[in-house]
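I have placed the structure first, in the form of structure tokens, so that the comments after it can refer back to it.
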Amino acid sequence: MRKKIVFTSLALGSTVAISVSLPAKAANLDLSQYDYTQLKNISARPLQSDNQLLLTGDPSQNQGFTAFFNLDFSAPDVGHIEISKNAPGNIAPYYTTGKHASPELPPSGATRSASLTDILGFANFSTFLNSNNLSLDKIGISYGQKTDRDLTETWNLGTDLLGQNWFASPDSTVEERIYSAKPEDVEIFLIYEDTKFIDFGYSDFYNVLEYGSTTAIEDDFDAIFSDPFSASQEDDLSPLLSGLASSFLRDVENAGGGIQAVYEEGQVQDPIFSVGNGYGVVSFPFPVSLRAVPLEAEKVPEPSSILGLALLYVWTVTSYRGKAWPS
């Protein structure tokens, strides 16, 4: 069951005890079984790829990602309450960031969100690793606000406006969330031990929650994915890491020049809750697939675009009724 955690919130100068139902993750998430035609607002989709880096990180290993929200419940960045059919009424955390950039206190000291566990395809990258006896688990990924930015400048729900930043209805079991940031304020990167060697371009993060046919968590789906983003090599790398970066980029280029991050599965467990810098912080595992895909992936047209095309078609047919079509 989803756990309720009681904590104190500093609101209007007073300390108030509040019970909040925090999110837990669905077990054995299989995106291939999810019907993405249910999405009405997010046009991006997880893409299939023969070239994938599979990474995982767990809070017990000082990895994973965090979601956090203001403990002042009158603040604009507290996050909304879930309203979808069969939803438990959790807070939708307003911010998300990698473990290394979490606001928790004391600081976690983490350097990454997940470590590489397996490789599918990526022929050049795999060959370079094997030829140089480099261990997979020394490679990791993380994301979040840059080190010289405020923690509130990480990916967030913007104005947290229903119909703009998130989409849900009591008549639907689906909630769609769009987490965004200013591209110059955030980063996504690959790290070898403690050195960044690949910098990725920007994307919004899309969070899809399917609450299933019952209120039980066992039939829930939870997906997080990005648009395809670009990849580039960090400057001033050692010859070894420069070669590692180059081999990775060759594989990405051969697959179409893009990388898509897809969160595929989670665990049923009580969330790890902490407090730091005035925020409630929830720590989650981070199993993520980095998929080499075409950079300009075709998207499903937005609902407004589909409507516009339909109206244009009707107008065109009506206009030419009784007339000869142009040749």
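Just so you know, all these numbers are worked out from the coordinates, no wet-lab data involved. No experiment lies behind these values; they were computed from the predicted model shown. Heads up, the Cβs are rebuilt from the backbone with ideal geometry, glycines too, and the neighbour counts pull from every protein chain shown.
Some values worked out for this structure:
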quantity: Segment 38-47 - phi-based ³J(HN,Hα) in whole Hz, Karplus 6.51/-1.76/1.60, Gly and Pro as x; calculated: 5, 6, 9, 10, 8, 8, 5, 9, x, 9
quantity: Full-stretch length increase - TYR36, GLU184 - with 0.36 nm per residue and alpha-carbon distance subtracted; calculated: 50.2 nm
quantity: Other-chain or far-sequence residues with amide H under 5 Å of GLY144's (modelled H); calculated: GLY98, GLU187
quantity: Within segment 134-186, GluC sites (Glu not before Pro) in DSSP loop having at most 11 other beta-carbon neighbours inside 10 Å; calculated: none
quantity: Sorted by Cβ density within 10 Å, fewest first, the residues GLU218, GLU210; calculated: GLU218, GLU210
quantity: Highest average packing first - 233-245, 67-79, Cβ atoms within 10 Å; calculated: 67-79, 233-245
quantity: Segment 24-316: C-alpha pair distances exceeding 30 Å, %; calculated: 31
quantity: Karplus 3J(HN,Hα) series, Hz, for segment 177-182 with 6.51 cos²θ - 1.76 cosθ + 1.60 (x for Gly, Pro); calculated: 10, 10, 9, 9, 7, 6
quantity: Segment 24-316: relative contact order as a whole-number percent, Cα under 8 Å and 6+ apart; calculated: 27
quantity: Potential extension, SER246-ASP72 segment - 0.36 nm per residue separation minus Cα distance; calculated: 58.0 nm
